[in-house]
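Heads up, the thing below is written out as C-alpha cells.
The values are calculated or read from the model by the stated rules, or taken from the named source; none is laboratory data. Nothing here was measured: the structure is a model prediction, and the numbers come from that model. For neighbour counting, all protein chains shown are included, and Cβ atoms are generated from backbone atoms with ideal geometry for every residue, glycine included.
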Amino acid sequence: MPAAIFLALAGVLYVGVVHSPNKSTMQSALLGKAVPEFSLPVLANPGQTLTKAQLSGRPWVLNVWGTWCAACRDEHETLLAIAQRNELPLVGLNWKDEDDAAIDWLQQLGNPYSVVAVDRDGRTAIEFGVYGAPETFFIDADSRVQYRHVGPMTSEVWEREFLSRVPRGVLP
Amino acid sequence: MRVSTRAGALAVVGALLLTAAPVCTAFDIESMPTPELQERYDGLTHELRCMQCQNQSIADSPVGLAEDLRRDVREQIIAGKTDQEIRDAMVARYGNVILFRPPFTPSTAWVWVFPFLLLTVGVFVAVRIVRKRTAMVAGDDSVVEPEDVTR
C-alpha cells in the first residue's frame, strides 16, 4: 500500500514537472485562430502603415524583436540567411523600441525583413500573446496563426516548423 | 563621539528602512478614477500572471510587459468590460496559464481534485494507524514493572 501511494505520487509529480509551462515550449493560445487586427507605422517610413489585410493571401512570418533584446542579436545572422533564401515574407515587429536605434541596428547588421512594423507601446504584441523577444509566428494564407517559436530562430526550426507548414506550390 | 556615530548610523539605517517599503510597491503608480474601479483593478492585476516572471502577478512585477498588461486591464475596465470579459480576453491571448486560478476544465481538473484526493488518502492512512495502535494497547495484557515506568 505505501509503495502504491508513493508510485502514484511520483507519477503525478513527474507529469507535473514534464508538463510545467517551460518558457520555450509554451505554445501560443492563438494557434489556429485569426491574426489580431493591427495597423502600425512602418519603420523608417512613418507616413506608411502596415495592416493585417495587406499581408493576407499568402503565408508570411512575423518576427518580434527589439534592439534591447540580446537573443535577437543572436538570431540575426540566421534571419539574414533565411531572408536570402527568399521563401516567405519576413515581417518584423519592432517591439517597445526606439525608431532610431532600430534603424541603426538594421543598417549595421543588415536587414532581413520585407517590412518592419513599429509597436512602440506594445499593444499589438499583447494581442499576439507575446511574452518575450524574440518570438516568431508562422501565419497562413488565411491569416491564421499556425505556429509560434519562442527564442532565437535556427535553420533547423525554420525548416522543421516553418517551411513544413507551407502548402506545396507556394515555395519557389 | 562613539555614541553619536552609532546614533548617526542607526538614523541612516532607520531612514533606509522607512524608504525601502515604498520602493517595493512603486511599479504601479497609476490609479483608477473611483474606489470601486480601483478595487476591481487591484483584484484583476493580482490574479493575472506576469508571463515573463511566472511566479509574480502583473501587479507585483516591474517588467515592461506587466506594465503593458496593467494598462490593458485599466483600459478595459474604463471601457466598461466586466471582470470575466477581461479575464477571457487575457486567456484568448495567453492561454489559461495567465490565470493564477485556472478554470475547471478536463485538462485542469487534476489541479483542483488532486489536493482533496491526497487529503482523503492521508485521513485514511492516519485512521488506520490509530486503529492499529489502539488495538495493540487493548490487546496488551503484560504487567508493567515499576522500573519500566521510571525508565
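For the range A:59-71, enumerate the residues that are within 20 Å of A:S28 (Cβ to Cβ) and more than 14 Å from every other protein chain (Cβ to nearest Cβ).
Residues satisfying the conditions are A:P59, A:W60, A:V61, A:L62, A:N63, A:W65.
For A:L90, all conditions in the list (1) surrounded by fewer than 18 Cβ atoms within 10 Å (Cβ to Cβ); (2) without any contact (Cβ under 8 Å) to a residue 40 or more places away in the chain hold save one; what is the number of the exception?
Every condition holds for A:L90 apart from (1).
Which ranges mark the helices (runs of 4 or more DSSP H) fully within the range B:66-151 that have 3 or more residues being within 14 Å of chain A (Cβ to nearest Cβ)?
Hits in the range B:66-151: B:83-94, B:109-138.
Quick test of your reading of the structure: B:A59 fulfils all but one of (1) out of contact with any Pro (no Cβ under 6 Å at 6 or more places or on another chain); (2) among the hydrophobic types (A, V, I, L, M, F, W, C); (3) in a helix (DSSP H, G or I). Name the failing condition by number.
(3)
Considering each of A:G122, A:G110, A:G151 in turn, give the residue that is on the phi > 0 side of the Ramachandran plot, within 14 Å of the chain's Cα centre (by Cα) and touching a residue at least 12 places away in the same chain (Cβ under 8 Å).
A:G151 is the lone residue from the list that is on the phi > 0 side of the Ramachandran plot, within 14 Å of the chain's Cα centre (by Cα) and touching a residue at least 12 places away in the same chain (Cβ under 8 Å).
Scan A:G16, A:G66 and give me the residue that is of a type in the set (G, A, S) and at pLDDT below 95.
Matching residue, one of A:G16, A:G66: A:G16.
I want to confirm something. Restricting to the range A:29-58 and keeping residues that are of a type in the set (A, V, I, L, M, F, W, C) and part of a loop (DSSP other than H, G, I, E, B), which single residue is nearest to the other protein chains (Cβ to nearest Cβ)?
A:A29
Could you figure out which of (1) out of contact with any strand residue (DSSP E or B) (no Cβ under 8 Å at 6 or more places or on another chain); (2) surrounded by 14 or more Cβ atoms within 10 Å (Cβ to Cβ) isn't true of B:T134?
Every listed condition holds for B:T134 apart from (2).
Conditions (1) in contact with a Lys or Arg (Cβ under 7 Å, 6 or more places away or on another chain); (2) more than 22 Å from B:R49 (Cα to Cα); (3) assigned by TED's automatic domain parsing to the domain that holds B:Y41, marked per residue:
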| site | (1), (2), (3) |
| --- | --- |
| B:A66 | no, no, yes |
| B:V73 | no, no, yes |
| B:I98 | yes, no, yes |
| B:G122 | no, yes, no |
| B:I129 | no, yes, no |
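Show me the strands (runs of 3 or more DSSP E) found entirely inside the range A:72-172 where at least 2 residues are away from every other protein chain (no Cβ under 14 Å) and farther than 25 Å from B:I98 by Cα.
Of the strands (runs of 3 or more DSSP E) lying wholly inside the range A:72-172, those with at least 2 residues that are away from every other protein chain (no Cβ under 14 Å) and farther than 25 Å from B:I98 by Cα span A:90-95, A:115-119.
For the range B:77-99, state whether one or more residues are in contact (Cβ under 8 Å) with a residue 12 or more places away in the chain and farther than 13 Å from B:L48 by Cα.
Yes; the residues of the range B:77-99 include at least one that is in contact (Cβ under 8 Å) with a residue 12 or more places away in the chain and farther than 13 Å from B:L48 by Cα.
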